[in-house]
Amino acid sequence: MKSKKFIIISVIAVVIFSLIFGAVYFDTHFAVIDKKIYKNDIKKIDSSLDITNVREINKCTEVEQIWLTRASENTISKFRNFHNLYDLMIMSSDISSADCEKISKFDNLKELDFYRTNVDFKGFNSDTVSSIRFIESIVKNFEKLAECKSLKSITIIVSAISDNNITKDSSIFASFDYVEELRIFEDKIEDIAGILEMDSLKVLEIDKGTISEEDRKLLEDKGISVIEND
């Protein structure tokens, strides 16, 4: 009788140990992202943060590209420091200054895109980001980006930086002395004074008819190539 009890207890112990080991192994080797299971060495994450827990994303230490939707304020501030991440796209989200401070700690980040997102750059201090794009986004503390010496390219497509899709005052660009390429796709650019003050600007890309011929000549006389798209 004692022998049977010992065997039963031993079997139960083995089963429990196997379950615990299996759970630990799964937790340390796999991540559940958007209700799908991935090995945690994946290089790209495409996720909606109203479905996926930040803890699961943080397991993926080798990730190089992250595309996020529906991030609420201060969610990204809970991310780990992704040292291999070079491309981050954020869509339909609210990004706080604390989130931007965390983004600055991704020390290999080069490409940063925002689509239909509210973003506050107050805490941003990256020295690696080289390209930023805004598409239909509302931006606060945009001028903070001027401190980013690595930033070489800015693209703006229908952004709240303008006034009803018209750039009436370009003075906000005056302090961007490291940017070499500026792309503004809006109905009209009525003022180029601030753009002319950008020390390193080489290329201004716009839609055809966005600026006057007089302003185009002023830009070209300063050595800025103006590219107009049909």
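The values are calculated or read from the model by the stated rules, or taken from the named source; none is laboratory data. In this text, all values refer to a predicted model and were calculated from it rather than measured experimentally. Ideal geometry is used to build each Cβ from the backbone, glycine not excepted, and the neighbour counts take in all protein chains shown. Side chains are part of the model used for accessible areas, which takes the heavy atoms of the whole protein and leaves out ligands, DNA and RNA. Shrake-Rupley method; radii C 1.70, N 1.55, O 1.52, S 1.80 Å.
Miscellaneous remarks
- Sub-6 Å Cβ pairs linking a first residue in region 219-230 that is closer than 12 Å to E205 by Cβ and modelled with pLDDT of 95 or more to a second residue that is surrounded by 10 or more Cβ atoms within 10 Å (Cβ to Cβ) and among the basic types (K, R), at least 6 apart or interchain, are V226/R216, ordered by first then second residue.
- Residue ID - farthest from E136 (Cα to Cα), chosen from residues in region 162-195 that are open to solvent by less than 10 Å² (accessible area, probe 1.4 Å) and among the aromatic types (F, W, Y): F176
- Test result for T75, surrounded by 16 or more Cβ atoms within 10 Å (Cβ to Cβ), of a type outside the set (D, E) and at pLDDT 85 or above: yes
- In region 88-100, the qualifying residues are those that are in a strand (DSSP E or B) and open to solvent by less than 20 Å² (accessible area, probe 1.4 Å), and the one that is nearest to I135 (Cα to Cα) is I90.
- Tally, over region 120-139, of residues that are farther than 18 Å from E180 by Cβ, in contact with a Phe, Trp or Tyr (Cβ under 8 Å, 6 or more places away or on another chain) and either open to solvent by less than 30 Å² (accessible area, probe 1.4 Å) or in a strand (DSSP E or B) (or both): 4
- Condition check for S97: touching a strand residue (DSSP E or B) at 6+ places or on another chain (Cβ under 8 Å) and under 24 Å from A31 (Cα atoms): no
- If the condition is being open to solvent by less than 30 Å² (accessible area, probe 1.4 Å) and either part of a loop (DSSP other than H, G, I, E, B) or at positive phi (or both), then region 101-119 contributes S104, F106, L109, T117.
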